[in-house]
Amino acid sequence: MPNSEPASLLELFNSIATQGELVRSLKAGNASKDEIDSAVKMLVSLKMSYKAAAGEDYKADCPPGNPAPTSNHGPDATEAEEDFVDPWTVQTSSAKGIDYDKLIVRFGSSKIDKELINRIERAT
């Protein structure tokens, strides 16, 4: 049945978004490291399943059935709205620069606040 696969892909997409929100809330609520690690592992697993099913990486702002243009992705992306970030490269074509708030949502991280700085200082 052709319509069942996109529905399951959309469900997987929504599960990733939900799990990302859970990870963010655990981090914001200073949950235990084990609890956060467990939630992150689940998030990574869901993203790997999505990539296997969709043939492409999960993108928070690009649900299945609404694909991003395939000619403009990777380090040479020229879309004004799209930032390219990997462990070695940070690029944007926007005159405003990198949209870090968007990246925080995309990668399920959180901003560094005074409380986190104090926690790091105590640990070191």
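The values are calculated or read from the model by the stated rules, or taken from the named source; none is laboratory data. No experiment lies behind these values; they were computed from the predicted model shown. In this analysis, Cβ positions are derived from the backbone assuming ideal geometry, glycine residues included, and neighbour counts consider all displayed protein chains. Ligands, DNA and RNA are stripped out before the accessible areas are found, and what is left, the full protein with its side chains, is counted by its heavy atoms. Shrake-Rupley method; radii C 1.70, N 1.55, O 1.52, S 1.80 Å.
A few comments on the model shown:
- In region 31-55, the qualifying residues are those that are assigned to a loop (DSSP other than H, G, I, E, B) and modelled with pLDDT of 85 or more, and the one that is most open to solvent (accessible area, probe 1.4 Å) is 32.
- Among the residues of region 38-52, those that are under 16 Å from the mean Cα position of the chain (by Cα) and either farther than 21 Å from residue 64 by Cβ or charged (D, E, K, R) (or both) comprise 39, 40, 41, 47, 51.
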